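Structure, as structure tokens:
The values are calculated or read from the model by the stated rules, or taken from the named source; none is laboratory data. Just so it is clear, the model here is predicted, and its values are computed rather than measured. Counting neighbours? That spans all protein chains shown, and the Cβs are built from the backbone with ideal geometry, glycine included. For accessibility, only protein heavy atoms count, side chains too; no ligands or nucleic acids. Shrake-Rupley method; radii C 1.70, N 1.55, O 1.52, S 1.80 Å.
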Amino acid sequence: MHPMMTIATRAARAAGQTIMRAYTELDRVEVSTKGINDFVTSVDKEAEATITYQIRKSYPDHTIVGEEDGENRGQNKDYVWIVDPLDGTNNFVRGIPHFAVSIALQYKGVTEVAVIYDPVREELFSAVRGKGAKINDFRMRVTNVNELDSTIIGTGFPFKARQHTETYMKILAEVFPQCADLRRAGSAALDLAYVAAGRLDGFFEIGLKPWDIAAGDLICREAGGTVTDFTGGHNYLISGNIVAGTPKVTTQLVKIMRPLLNEGLKR
């Protein structure tokens, strides 16, 4: 799989260059609305085209699933690249320097390679299944905390799934008094990468898409973390409801959440 990691890294860095060029001239970026509280820019589309080009050069028959272009089927259905060209678009548009490129490669439904690239800080988080996780060229591990009271937990408000606002606020009200502090930074991909790097001890969010979490899922697990859905199961890539962290932190977060879940979040 290492040649595919090379391509994933090359594609992420090329997309990062596209993004950073535009970041210096934000007034020229075209922004349009895809849905309620859901924006897309000309840069998202250009960055995704850059990634697709880099993948297709080496693997013309692979399937690519991107946030902006949907499924770009190749003849080979076993290899599927899951791409978010700009995770944290709202941050990018506002000039907040916290966003990333996320690329995952699945083989027969199992994620084998993952890259999350922060072009502002030039940090590349990566993992190959069974080989551990790295930030740039250094191995990384989740923290070894066992109790919530010393933790910093990342989260994201359900701004695209506001029907869950009441339940989310109940969860927040239970988690906050039991941890040291909370962070809401605006990029789920980077939140998961930060859990893997030990910068956050845990993370939870409602209603994410596969391209938001596919890469971060593998990177987090390869760094020694545990990733589940809100019930402690493994349906998060489908439901989009994700809890990640050190094994004991994840267990404790799920224990807090489970009694508070509405029916829509139990699936």
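FRET efficiency for the pair E123 and K266, taken as 1/(1 + (r/R0)^6) with r the Cβ-Cβ distance and R0 = 51 Å, rounds to 0.90. In a DSSP loop and with at most 16 other Cβ atoms within 10 Å, the trypsin sites (Lys or Arg not before Pro) in the range 7-116 are R73, K108.
Summed over all non-identical Cα pairs, the Kirkwood treatment of the chain gives a radius of 18.4 Å. Calculated from DSSP H runs of 4 or more alone, at -39500 (n - 2.57) each and per residue, what is the 222 nm mean residue ellipticity of the chain, nearest 500? Result for the chain, helices only: -10500 deg cm²/dmol.
With each pseudo-label sitting 7 Å past Cα toward Cβ, what's the E166-K131 distance in nm, one decimal? Label-label distance for E166 and K131, simple model: 4.9 nm. How would you classify the range 196-267 from its alpha-carbon gyration tensor, with a ≥ b ≥ c the square roots of the eigenvalues: rounded for a/c under 1.5, else prolate if a/b is greater than b/c, otherwise oblate? Oblate, since a/c reaches 1.5 and b/c is not below a/b.
Show which lysines lie in cross-link reach of K170 when reach means a straight Cα distance below 16 angstrom and same-chain residues fewer than eight apart are skipped. Counting by Cα, and skipping residues close in sequence, K170 has these lysines nearby: K255, K266. Take the Cα of Q17, step 7 Å along the line toward its Cβ, and report every residue of the range 50-79 whose backbone nitrogen sits under 15 Å from that point. Residues 50-55 fall inside that zone. Most tightly packed first, judged by the mean number of other beta-carbon atoms within 10 Å of their residues, the peptides 120-127, 177-184 read 120-127, 177-184. Simple spin-label estimate for N235 and E147 gives 3.4 nm between the two label positions (7 Å along the Cα-to-Cβ direction from each Cα). Here's the list of lysines a cross-link from K134 could span, going by alpha-carbon distance under 27 Å and ignoring same-chain residues fewer than 8 apart: K57, K108, K209, K248.
If you plug the beta carbon distance of D27 and L182 into 1/(1 + (r/R0)^6) with R0 = 35 Å, you get a FRET efficiency near 0.60. Axis of helix 165-175 versus longest Cα principal axis of the chain: the two differ by about 60°, to the nearest ten degrees.
Near A185, the amide H atoms lying under 5 Å from its own belong to T155; only residues 5 or more places off or on other chains count, and H is placed 1.01 Å from N. Fully extending the segment from R56 to K77, taken as 0.36 nm per residue of separation minus the present Cα-Cα distance, adds 6.2 nm. Our Cα-only numbers for the range 48-160 put the radius of gyration and Dmax at 16.3, 51 Å. Probe radius 1.4 Å, ligands and nucleic acids ignored: give me the carbon and sulfur share of the accessible area of the range 1-105 as a rounded percent. Solvent-exposed carbon and sulfur of the range 1-105 make up 48 percent of the total.
Quote the relative contact order of the chain in percent (integer), defining contacts as alpha-carbon pairs under 8 Å separated by 6+ residues.
On the way: 613 pairs, mean separation 42.7, N = 267.
Over the chain, the number comes to 16 percent.
Cα gyration tensor of the range 1-84, axes a ≥ b ≥ c as square roots of the eigenvalues: rounded (a/c below 1.5), prolate (a/b > b/c) or oblate?
On the way: a/c = 2.93, a/b = 1.54, b/c = 1.90.
Oblate is the answer for the range 1-84, as a/c is 1.5 or above yet b/c matches or exceeds a/b.
Computed from backbone phi with θ = phi - 60° and the Karplus coefficients 6.51, -1.76 and 1.60, the 3J(HN,Hα) list for the range 241-250 is 9, 10, 10, 9, x, 4, x, 6, 5, 4 Hz; x is used for glycine and proline. Couplings for the range 255-267, taken from phi via the Karplus curve 6.51 cos²θ - 1.76 cosθ + 1.60 with θ = phi - 60°, read 4, 5, 6, 3, x, 9, 5, 7, 4, x, 9, 8, 7 Hz in order; Gly and Pro are left as x. Per residue, the range 156-267 exposes 40 Å² of accessible surface when a 1.4 Å probe is rolled over the protein heavy atoms with every protein chain present.
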